[in-house]
Amino acid sequence: QNYTGITLEKSIKFLSELLHKHHDQRVYILVDEYDKPVTHILETYVLDRDKVLINEIAELVTSILSACGKGNEHLEKIILTGIFDTLKKEGNSGFNNVVTRGISDQDFSYNFGFSEQEVKQIVTKFNFQDSDKILNNIKLWYNGYSVPIGIGEYMQAYTPWAVMNYISDVYKKGEDFQPENYWTQSGASTILQTLLRNEICENS
């Protein structure tokens with residue numbers, strides 16, 4: 001309510017300066033779901049077409065990232081995770097020195113999901129009576145990504161969100177618990193559902 005611009009925009013940069021001075025080494029800034037303010041607004045307001053509010057939020061987040069990233073002598077690196085790279089596209093000159101890495105990027109494809117071996121290791125830790133049934137359910141439902149790991153070489157990647165939710169439910173509710181499509185609870189899914197319900201899409 002008492003937003004004065006400069007207070008928020010310089011906040012992370014100021015924190016990085018304090019950490020640099022205290023520890024005598026440049027800092028890493030990690031921002032998980034950096035696009036969440038924008039996706040939340042899209043989920044909530046997309047039918048109202050409140051472009052002004054969406055733009056204001058995008059500009060605020062971009063200005064915070066720009067302030068702590070560009071010309072910040074206290075910074076080693078910024079690592080952002082998110083669903084969309086909208087803010088990079090909207091950032092103009094203030095936030096344009098970003099490298100985007102995705103699931104199809106061969107050098108990072110291992111980092112966007114669980115391998116089959118990792119899933120087996122996780123399931124084994126729980127000592128289920130019928131681990132094979134649990135693994136088959138996970139394979140049937142949650143290994144939906146084929147990611148490049150070399151030239152002409154691919155790996156089946158499992159979605160961590162769905163795998164961990166399913167294992168948690170099986171652990172709590174019993175081994176007969178049936179898999180669910182947990183990913184429909186994600187922000188990206190909500191935005192797509194809202195857009196498809198929009199009158200613009202009704203007859204297309």
Per-residue accessible area for Lys70 at 1.4 Å probe radius, Å² rounded to 10? 100 Å²
So how do His23, His74 rank on accessible area, 1.4 Å probe, biggest first, that is with the largest at the start? His23, His74
Solvent accessible area, Å² - Asp130, 1.4 Å probe, full protein context: 70 Å²
How much of Lys120 can a 1.4 Å solvent probe reach, expressed as accessible area in Å² and rounded to 10? 90 Å²
Could you please put Val52, Val38 in sequence from largest to smallest accessible area, using a 1.4 Å probe? Val52, Val38
Return the distance in nm (one decimal) between the two label points of a simple spin-label model at Arg26 and Thr81, each offset 7 Å from Cα along Cα→Cβ. 2.4 nm
Leu140/Val99 FRET efficiency (R0 35 Å; Cβ-Cβ; nearest 0.05): 0.50
Put Trp161, Trp141 in order of accessible area, largest first, probe 1.4 Å, and you get Trp161, Trp141
Quick check on the range 106-160: take the gyration tensor over C-alpha atoms, sort the square-rooted eigenvalues as a ≥ b ≥ c, and tell me if it's rounded (a/c under 1.5), prolate or oblate. prolate
Among Lys77/Lys139; Lys21/Lys77; Lys36/Lys70; Lys10/Lys36; Lys120/Lys172; Lys13/Lys36, the pairs whose Cα-Cα distance exceeds 25 Å are Lys77/Lys139
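The values are calculated or read from the model by the stated rules, or taken from the named source; none is laboratory data. Since we're looking at a predicted model, the values are computed, not measured. Cβ coordinates were reconstructed from backbone atoms using ideal geometry, including for glycine residues, and neighbour counts include every protein chain displayed. Quick note on the areas: whole protein, heavy atoms, side chains included, nothing else; ligands and nucleic acids left out. Shrake-Rupley method; radii C 1.70, N 1.55, O 1.52, S 1.80 Å.
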